[in-house]
Amino acid sequence: MLPPVAVSPRAVALARRKRVAVAMLAAAAVLFVAATWMEVRHPHWAFGLLVAMAEAAMIGGLADWFAVVALFRHPLGQRWIPHTAIIPNRKDALGRALADFICNHFLEPGEVMRKLDEFDPASRLAVALSRPENAARVGRLVVDLSPHLLALLDSERLHAFLERLTREQLRRMDVAALAGQVLEVMTHQRRHQALLDSVLRDIAGVLTDPGTQETVAARIAPQLWSVLRLTGLDEPVARRLAERVVAGVGDLVDEMASEPDHELRLRFDHYAADFVARLRSDPALQRKVGEMRDRLLDDPALPRYVRGLWDDVLAWLRQDLLREDSEIAARAGRVAMVLGERLSADTSMRDWLNGWLRATVEPMVDRYRGSIRDFIVERVGRWDTRELVDELELSVGSDLQYIRYNGTAIGALIGGVLFGIVQLIAWLGR
C-alpha cells in the first residue's frame with residue numbers, strides 16, 4: 001500500500017473555498033428551481049423576487065467562475081473560447097512585465113537612493129554596535145566562525161597549494177625590476193629623506209650619549225693602543241683619542257640629520273638613484289638578485305620556518321578560542337563598542353560613510369539592473385507552465401474565490417433591485 005501523499009495547507013484552503021463557492025452557486029440554482037415552481041403554482045410577487053435574485057446570483061456566480069478559471073486554464077477544457085488560460089499563454093510576456101515592473105519601480109536608482117538615505121545605515125550601525133549586548137554578540141560570532149576558518153587555514157592541501165603557487169609566482173617575478181620600482185617610489189621627491197632623518201637622529205642620540213661613548217671607546221681603545229704604542233703613546237691617550245673619535249662621529253651624524261642638503265646626504269641620494277637605475281638596466285645585478293631569490297626559495301629551511309611560525313599562531317588561536325574568557329572575543333567586542341561609540345559621536349564620519357555607500361551602490365544599480373531584468377525574464381521562461389500555473393493558483397487562488405462569493409451575493413442583490421424597479425415601473429404604468 002502506497003503511503004498517503006502529503007497535501008499542503010494552501011491546497012486544502014483552496015479546495016475548501018472552491019467548495020463554498022460551488023455550494024453558493026448550487027444553493028442559488030435550487031432556489032431558482034423551487035421559486036419558479038412555486039411562482040407557477042401560486043403566483044405572488046415574493047416568489048418572483050426570489051426567482052429574479054436566484055437567477056442573477058447564478059449569472060454572477062457563473063460569470064465570476066469563468067473569469068477566475070480563465071486566468072489559469074480553459075474553462076471546461078474548451079480551447080476555442082478566446083482570451084482564456086491567460087497565464088499559461090502569456091507566461092513570457094508576464095515575465096517581461098514583471099521584470100520591467102521590478103526594475104522600473106524597485107530598482108530605479110532614485111528610489112533606491114531615497115530608501116538608502118531613509119535607512120541611514122551608518123547611524124543604525126553606530127547604534128547597534130554601541131550596545132553591549134550587540135558587542136558581545138559580535139565577539140561570540142567571531143568565536144563561532146573562527147574554528148571553521150582555522151580548520152581551513154590548517155589544511156595540508158591548502159598549505160601545499162599555496163606553497164606551490166607562491167614559488168611559481170615568485171620564480172616568474174622580476175624581483176630586480178620590482179625592487180627598482182619600489183625604491184623609485186620611495187625616493188621620489190626625496191621621500192626617503194624623512195626616514196633617513198629619523199634614523200640619523202636616533203643614531204646621533206645614541207652616539208652623543210656619554211654612556212654610549214664610554215662603552216664604544218672602551219671597546220676600540222685597546223685596538224688603537226696596540227697601534228699607537230709603537231709611537232710611544234700610553235693607553236690613556238688611546239682611550240681619550242677613541243672617545244674623541246666616537247664624539248666626532250656622533251657630531252657628524254647629528255650634523256647630517258639637521259642639514260637636508262648635507263654633502264653626505266646628497267651622495268646618498270646619488271647612490272640610491274644609481275642603484276635604482278642599475279636594478280633596471282644592469283644584467284649582472286639583475287642576475288645576482290635573481291640568484292638570491294632562487295637560493296631563498298630553494299632553501300628547505302624557509303618553508304619549515306614559515307610553517308612552524310604559522311602552526312604556533314594557529315595553536316595560540318585555538319587555545320584562546322576554547323576559553324570562556326577568550327581574548328579574541330573580548331577584543332572583538334571592545335572594538336565593536338568603540339567603533340559604535342565613535343560613530344555615534346562623529347556626525348561627519350557617519351555622513352562620510354553614508355556618502356560612500358551611496359556612491360558605491362548607485363552605479364551598481366545602474367550597472368546590474370539590466371542583468372537582473374534579464375535574469376527574471378529568463379527564469380520565468382524556464383518555469384514549467386503547469387508548475388507555474390499550479391503555484392500561482394495555490395498562492396492567489398484562495399483569495400480569488402472571494403470574487404465568486406461576491407459575484408453570487410451581489411448578483412442576487414442586483415437581481416432583487418432590478419426586480420423591484422420593474423415592479424415599480426409596472427405599478428406606475430397602471
Filter segment 396-415 for residues that are more than 15 Å from L25 (Cα to Cα) and aliphatic (A, V, I, L, M); which is least open to solvent (accessible area, probe 1.4 Å)? L400
Can you name the residue in segment 66-106 that is of a type in the set (D, E, K, R) and closer than 16 Å to E393 by Cβ and, of all such residues, is nearest to the chain's Cα centre (by Cα)? K91
Failed condition for S344, given (1) at pLDDT below 85; (2) part of a helix (DSSP H, G or I), with all others met? (1)
If a residue must be exposed (fewer than 13 other Cβ atoms within 10 Å of the Cβ) and either within 15 Å of L149 (Cα to Cα) or not charged (D, E, K, R) (or both), how many such residues does segment 319-338 contain? 2
Log entry, pairs with first residue in segment 90-104 being farther than 9 Å from R373 by Cβ and β-branched (V, I, T), second being assigned to a helix (DSSP H, G or I) and open to solvent by less than 50 Å² (accessible area, probe 1.4 Å), beta carbons closer than 8 Å, six or more apart or on different chains, reads none
For segment 289-330, what are the residues that are within 27 Å of A135 (Cβ to Cβ), of a type in the set (K, R) and free of Cβ contacts under 8 Å to residues at least 40 places away in the same chain? R323
Of all residues in segment 343-354 being touching a residue at least 60 places away in the same chain (Cβ under 8 Å) and not hydrophobic (A, V, I, L, M, F, W, C), which is surrounded by the fewest Cβ atoms within 10 Å (Cβ to Cβ)? D351
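The values are calculated or read from the model by the stated rules, or taken from the named source; none is laboratory data. If you're wondering where the values come from, they're calculated on a predicted model, not measured in any experiment. Every residue, glycine among them, receives a Cβ derived from its backbone with ideal geometry; neighbour counts consider all protein chains shown. In case anyone asks, the SASA skips ligands and DNA or RNA and just uses the protein heavy atoms, side chains included. Shrake-Rupley method; radii C 1.70, N 1.55, O 1.52, S 1.80 Å.
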